[in-house]
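Written below as structure tokens is the structure these notes are about.
The values are calculated or read from the model by the stated rules, or taken from the named source; none is laboratory data. Please read these numbers as outputs of a predicted model, since none were measured by experiment. All Cβ positions, glycine included, derive from the backbone under ideal geometry; neighbour counts span all protein chains shown.
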Amino acid sequence: MSEFIIENSVIKGYTGKGGNIAIPSGVVEIGQGAFSYKRELTGVIVPRGVRAIGQLAFLECRNLKTVSLPEGLIRIENCAFEWCTSLESIVIPDSVKELGFGFNGCTSLKSIRFGRGITVVRGGFLNCTSLERLEIPDTVTEIAPFAFDGCTSLKTVKVGRGVAALDLDAFAHCTSLKEIAVSPSCKIVGNMPAGCKIVRVAK
């Protein structure tokens, strides 16, 4: 009997023992809450063909350390990886167009690579307290207020040239932040974090 509960190519649940797992081929979506609270999971490989990761899909998988996401993935919904407190890095594929509030409370997350399909960072990285450096690609045009609220280890941010106006409240309570690099034409609004400076970079 399969450890994956699958209906119409959507994973609805998981009954396995955890560890490092690979999502079966033929799956097109990981459904809402499919792996939530499965604290025995340590690694997940998502194969090509999966186009969406639903709300709460891996909520509070607190021992989940590695996640591999495929090109072809289009949507990561709200709370998909929220409070995965062992997750250390995430690479968001270029194919992803919709990024929800997916990674709040990932307190071990040190590295984020945004794919070039993302145009708006609405939020989803609150209280990622191990994140030290952040680079936003040129394809992003908007970073929402409080998107990175409470990332208390964040020291440097490089904002791509696509952002015409930056609300500094995106980095509220980022108490270690020292430098935000932006394009020469980027308009700055909001409250400057204490001890931080703006650097305007031509390229």
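Numbers for the structure displayed
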quantity	calculated
Hits in region 97-130 (condition: in contact with a strand residue (DSSP E or B) (Cβ under 6 Å, 6 or more places away or on another chain) and among the aliphatic types (A, V, I, L, M))	99, 112, 118, 120, 121
Members of region 7-20 that are crowded, with 19+ Cβ neighbours inside 10 Å and either under 15 Å from residue 69 (Cα atoms) or of a type in the set (Val, Ile, Thr) (or both)	11
Positions within region 88-116 being of a type in the set (A, V, I, L, M) and part of a loop (DSSP other than H, G, I, E, B), in sequence order	92, 96, 109
Residue in region 23-31 that is part of a strand (DSSP E or B), closer than 26 Å to residue 132 by Cα and in the same structural domain as residue 110 (by TED's automatic domain parsing) present	no
Test for residue 123: is it not assigned by TED's automatic domain parsing to the domain that holds residue 187 and not aliphatic (A, V, I, L, M)	no
All positions within region 40-61 that are exposed (fewer than 15 other Cβ atoms within 10 Å of the Cβ) and basic (Lys, Arg)	48
Matching residues, region 119-171, being over 24 Å from residue 59 (Cα atoms) and part of a loop (DSSP other than H, G, I, E, B)	119, 137, 138, 139, 140, 141, 155, 160, 161, 162, 163, 164
Qualifying residue in region 95-102 (condition: of a type in the set (A, V, I, L, M, F, W, C), modelled with pLDDT of 95 or more and over 10 Å from the mean Cα position of the chain (by Cα))	yes
Residue 113 vs. criteria modelled with pLDDT under 95 and within 12 Å of the chain's Cα centre (by Cα)	no
Pair list, Cβ < 6 Å and 6+ apart or interchain, from region 26-38 residues that are surrounded by fewer than 19 Cβ atoms within 10 Å (Cβ to Cβ) to residues that are charged (D, E, K, R) and assigned to a loop (DSSP other than H, G, I, E, B)	28/51; 37/60
Residue satisfying condition, being out of contact with any Phe, Trp or Tyr (no Cβ under 9 Å at 6 or more places or on another chain) and either in the same structural domain as residue 125 (by TED's automatic domain parsing) or part of a strand (DSSP E or B) (or both), within set 85, 42	42
Restricting region 65-87 to residues that are of a type outside the set (A, V, I, L, M, F, W, C) and under 11 Å from the mean Cα position of the chain (by Cα), the residue that is surrounded by the fewest Cβ atoms within 10 Å (Cβ to Cβ)	78
